[in-house]
Structure formats: structure tokens, C-alpha cells
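The values are calculated or read from the model by the stated rules, or taken from the named source; none is laboratory data. Computed from a prediction, not measured in an experiment: that's the story for all the values here. Here the Cβ positions follow ideal geometry from the backbone for every residue, glycine too, while neighbour counts run over all protein chains shown. Heads up: the accessible areas ignore ligands, DNA and RNA and are worked out on the full protein's heavy atoms, side chains in. Shrake-Rupley method; radii C 1.70, N 1.55, O 1.52, S 1.80 Å.
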Amino acid sequence: MPLLLASTSRYRRELLERLRLPFHVARPEVDETPRDGEAPAALARRLADEKARTIAAQRPGSWVIGSDQCAELAGEPLGKPGTRDAALAQLRAMSGQAVRFHTAVCLRRGDTCLQAIDLTTVRFRALSDGEIERYVDAEQPLDCAGSFKSEGLGITLFDAIESSDPTALIGLPLIALSGLLRQAGFELP
């Protein structure tokens with residue numbers, strides 16, 4: 001069965017490669033702007049579905065994986081920082097706080113839509129400005145929600161990670177996705 005990943009994220013591509021299923025990558029053109037009053041979990045779900053729906057419409061008969069992640073601090077969404085200054089500000093705000101990461105995945109073919117969402121809570125330790133600056137300069141996490149890479153040096157910023165799926169924090173919840181793929185008829189492993 002043709003399988004497409006509706007994302008050009010190298011992190012998601014590398015995660016999906018772990019499942020050893022052949023797939024192709026397609027870039028979904030989706031406006032990721034949150035709607036007024038949209039909760040972070042709802043935003044992640046909507047964007048995962050919109051990404052999958054956009055590519056599924058272009059590739060009838062293919063199964064399409066869409067995924068999105070939204071970080072939440074005190075009820076407010078945090079996006080990808082994009083700049084060094086924004087990354088520094090995000091990490092300063094998260095210092096000593098618990099941040100919730102909602103990672104949604106959607107597997108779609110035509111009108112068939114299978115979905116799941118993971119919630120991961122990251123407990124940041126109290127961080128000094130020097131630690132934050134050294135980290136951002138070392139890893140340049142400007143394309144990561146929350147301004148860190150847990151698979152790299154970002155792990156040193158935490159007191160704890162509470163999750164049922166460690167891959168979700170990186171951007172694609174493989175445990176949930178594996179279940180959706182099995183529902184769709186894929187054989188894993």
C-alpha cells in the first residue's frame with residue numbers, strides 16, 4: 001500500500017524510518033495559524049488532519065500520515081521559535097515549569113481517518129541565563145516546538161519527562177502510529 005508522510009520535517013522522517021515501511025514524503029501547504037480560542041491539543045489534532053487531508057486529496061488511494069505538535073505553557077500555545085532571541089525567551093519562560101506537549105497523528109486515505117494524540121509533560125529544572133544561552137548556541141533548536149531537542153543536549157534541561165511514548169516528544173508518536181497502521185492493514189514489524 002502506498003504510504004506518504006505529509007511532512008518535510010527531518011525529525012519525523014527519521015522516526016518513521018524506524019518502522020521499516022517504504023514511504024514517500026510530500027510537503028503539505030497548510031496554514032498553521034491557531035484559530036481564536038483554539039486549545040493547544042485541538043490545534044495539534046486539526047493540523048495533523050489538515051496535513052494528511054491535503055496530501056490525500058492529491059494522492060487518491062494512498063495512506064497519508066499527518067502529524068503536528070503544540071507545546072503548552074500555562075494554557076498558552078508555544079510554537080517553533082524561529083530565531084535565537086525567541087528560543088532564549090521560550091526557555092526562560094519554561095525554566096522551572098511543567099510544559100505539556102500535544103502530539104497528534106492522523107492516518108488518512110480518502111474519507112477514512114484514523115487519529116491519535118499523545119500528551120507528554122516535560123518538567124524543566126530552574127535554568128540560568130548562561131545555561132540557556134549555551135544550550136541554544138550549541139544546538140540551534142530554532143525549528144523545534146519548545147526550543148529544545150530532547151534527543152540531544154536538550155535532555156540536560158529537564159528534571160523529568162512524563163510520557164507513554166518517548167518518540168512523541170520528537171514529533172511523531174510511533175506507538176500510536178503503529179496501532180493506526182495495523183488498523184489500516186499494514187504489517188508491523
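How much accessible area per residue does the range 34-113 have, in Å², with a 1.4 Å probe? Intermediate results must be reported in sequence, preceding the final value.
Working: 3480 Å² over 80 residues.
Dividing the accessible area of the range 34-113 by its residue count gives 44 Å².
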Carbon-plus-sulfur fraction of the accessible area of the chain, 1.4 Å probe, in percent?
48
In whole percent, what relative contact order does the chain give with Cα contacts below 8 Å and a gap of six or more residues?
22
By average C-beta atoms within 10 angstrom, highest first, the peptides 60-66, 119-125, 32-38:
60-66, 119-125, 32-38
With +1 on each Lys and Arg Cβ and -1 on each Asp and Glu Cβ, how big is the dipole of the chain about its Cα centre, in debye rounded to the nearest 20?
620
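Mind ordering 150-157, 175-182 by average Cβ neighbours within 10 Å, highest first?
Working: 150-157: 15.9, 175-182: 18.6.
Per-residue Cβ counts within 10 Å, averaged per peptide and sorted highest first, yield 175-182, 150-157.
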Simple SL model, points at 7 angstrom along Cα→Cβ for residue 155 and residue 131; separation in nm is 1.7
Simple SL model, points at 7 angstrom along Cα→Cβ for residue 20 and residue 186; separation in nm is 1.4
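Among DSSP bridges having both ends in the range 1-94, what percentage is antiparallel? Round to the nearest 5.
Percentage antiparallel, nearest 5: 40.
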